[in-house]
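The structure appears right after this line, and notes come after that.
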Amino acid sequence: MTAVTTGTAVEATVETTAEAYEAAFDAAVAADERIEPRDWMPEAYRASLVRQMAQHAHSEIIGMQPEANWITRAPSLRRKAILMAKVQDEAGHGLYLYSAAETLGTSRTELLDKLHAGRQKYSSIFNYPTLTWADVGAIGWLVDGAAITNQVPLCRCSYGPYARAMVRICKEESFHQRQGYESLLALSRGTPAQHEMAQDAVNRWWWPSLMMFGPPDDESAHSAQSMTWKIKRHSNDELRQRFVDICVPQAETLGLTLPDPDLKWNEERGQHDFGAIDWDEFREVLKGNGPCNEQRISQRRRAHEEGAWVREAATAYAAKHSGKGASGDSGTGGARSARLVEKEATA
Ligand code: BYC
């Protein structure tokens with residue numbers, strides 16, 4: 001009898017503790033506080049963050065490919081330098097995001113393995129080809145523009161490391177967007193052939209850019225829960241609408257037309273109406289049947305294999321230095337560890 005009573009008491013305590021943790025998490029989210037790596041969080045929250053952050057990180061590094069395609073053919077040294085810096089920034093964004101995902105207990109290796117095996121997604125937009133130089137401008141204006149619209153609210157995401165990574169990413173993306181706009185403006189105001197090239201690029205990138213925001217709200221599997229958890233602050237359709245409204249006056253200044261005959265101002269709504277998106281195309285691209293899916297993923301796998309020696313060298317270097325530190329030598333790693341131990345001891 002006594003044993004049964006004790007068991008029940010222990011179970012009750014465990015249950016109360018779990019409930020208390022959950023209540024503390026809910027209260028922190030409700031109060032707009034940040035959830036930090038060491039805080040208790042529901043497993044589903046952790047899993048959904050890893051899913052979204054992994055998809056985001058993969059998009060950044062796969063997104064380097066379509067633009068890198070034009071580095072060797074940029075029309076001037078100035079444009080080449082800018083493009084190289086931009087592509088390098090995207091690699092950096094991937095790095096911040098993989099690091100932020102690591103704080104949730106998932107290693108970068110594990111996430112990359114999943115990408116290479118086709119078990120995690122990256123943005124649909126990067127499965128379209130960059131056919132002319134104007135595509136680089138159109139990507140900057142529209143793709144980076146859509147990314148900023150989607151990502152600025154992520155700076156207020158409830159998970160601290162993701163929100164903080166997004167602050168820096170958004171600053172850089174906003175520079176990318178402006179360089180794309182400026183490049184497209186130069187083409188649009190150039191020769192008739194250059195103007196036509198800019199218009200053709202906008203015609204091809206407009207609809208895929210609208211698809212970047214994800215499926216319509218009534219088909220979005222994760223939106224409702226992610227918004228309750230304040231991972232996402234706005235729905236896919238809200239952000240898509242915001243993006244359309246931002247782009248219309250910008251297109252006018254550029255002297256370019258957005259390829260949608262149904263695009264018009266709706267006085268009553270105070271927003272633009274726009275035409276139907278081809279969701280069949282979106283679903284096909286997600287299934288792997290877009291124009292460049294195979295090329296993008298095989299290039300990514302090849303880059304990973306060819307970079308194996310760099311990872312091995314970096315690991316060997318780190319091991320060598322931490323070894324020195326452990327034996328009392330003056331390696332940087334050792335000095336840092338010693339300082340940390342000291343700090344902990346005095347805390
Ligand atoms: N493409 O329930 P939903 C950049 C997936 S890169 C592919 O609405 P959620 C840049 C979605 O993942 C910017 N997949 O999902 C880089 C889910 O699949 P799973 C990339 C998509 O998460 C280089 C399923 O569809 N930005 O800026 O609530 C050069 C159901 O969707 C897409 C980010 O990743 C898509 N377009 O909302 C230049 C932003 N849309 O996971 C520029 C962060 C949806 O169940 N991510 N799916 O297998 C987000 O904000 C959200 O994850 C999304 C989707 C709005 C994309």
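Couple of notes before you dig in:
- Scanning region 182-198 for residues that are crowded, with 20+ Cβ neighbours inside 10 Å, within 29 Å of the chain's Cα centre (by Cα) and not aliphatic (A, V, I, L, M) turns up just one, S183.
- Among the residues of region 38-53, some residue qualifies, meaning at least one is under 20 Å from the mean Cα position of the chain (by Cα), within 30 Å of M84 (Cβ to Cβ) and open to solvent by less than 50 Å² (accessible area, probe 1.4 Å).
- Check on L263, farther than 30 Å from A30 by Cβ and touching a Leu at 6+ places or on another chain (Cβ under 8 Å): no
- Scanning region 210-247 for residues that are open to solvent by less than 20 Å² (accessible area, probe 1.4 Å) and within 20 Å of G160 (Cα to Cα) yields a count of 3.
- A single member of A54, A81 is over 20 Å from F175 (Cα atoms) and either in a helix (DSSP H, G or I) or within 12 Å of the ligand (Cβ to nearest atom) (or both), and it is A54.
- Residue list for region 218-227, filter: more than 8 Å from the ligand (Cβ to nearest atom) and in contact (Cβ under 8 Å) with a residue 12 or more places away in the chain: Q225
- In summary, helices (runs of 4 or more DSSP H) completely within region 202-287 and bearing 2 or more residues that are among the small types (G, A, S) occur at 223-228.
- Scanning region 257-288 for residues that are open to solvent by less than 50 Å² (accessible area, probe 1.4 Å) and in contact with a His (Cβ under 8 Å, 6 or more places away or on another chain) gives L263, N266.
- Boolean, L210 is within 11 Å of the ligand (Cβ to nearest atom) and in contact (Cβ under 8 Å) with a residue 40 or more places away in the chain: yes
- Test for A81: is it open to solvent by 10 Å² or more (accessible area, probe 1.4 Å), small (G, A, S) and either under 26 Å from G160 (Cα atoms) or free of Cβ contacts under 8 Å to residues at least 12 places away in the same chain (or both): yes
- The set of residues in region 289-321 being outside any helix (DSSP H, G or I) and either open to solvent by 50 Å² or more (accessible area, probe 1.4 Å) or among the aliphatic types (A, V, I, L, M) (or both) consists of P291 alone.
- Residue list for region 126-156, restricted to those being near the ligand (Cβ under 9 Å from one of its atoms), of a type in the set (S, T, N, Q) and either within 20 Å of F282 (Cα to Cα) or open to solvent by 30 Å² or more (accessible area, probe 1.4 Å) (or both): N127, N150
- Helices (runs of 4 or more DSSP H) wholly inside region 87-186 containing at least 3 residues that are free of Cβ contacts under 8 Å to residues at least 60 places away in the same chain: 108-116, 144-151
- Verdict on V29 being more than 16 Å from the ligand (Cβ to nearest atom), open to solvent by less than 60 Å² (accessible area, probe 1.4 Å) and assigned to a helix (DSSP H, G or I): yes
- Within region 105-125, tally of residues that are more than 8 Å from the ligand (Cβ to nearest atom) and open to solvent by 10 Å² or more (accessible area, probe 1.4 Å): 13
The values are calculated or read from the model by the stated rules, or taken from the named source; none is laboratory data. Computed from a prediction, not measured in an experiment: that's the story for all the values here. No Cβ is skipped: glycine too gets one built from the backbone with ideal geometry, and neighbour counts run over all protein chains shown. Just the protein is used for accessible areas: all its heavy atoms, side chains included, with ligands, DNA and RNA removed. Shrake-Rupley method; radii C 1.70, N 1.55, O 1.52, S 1.80 Å.
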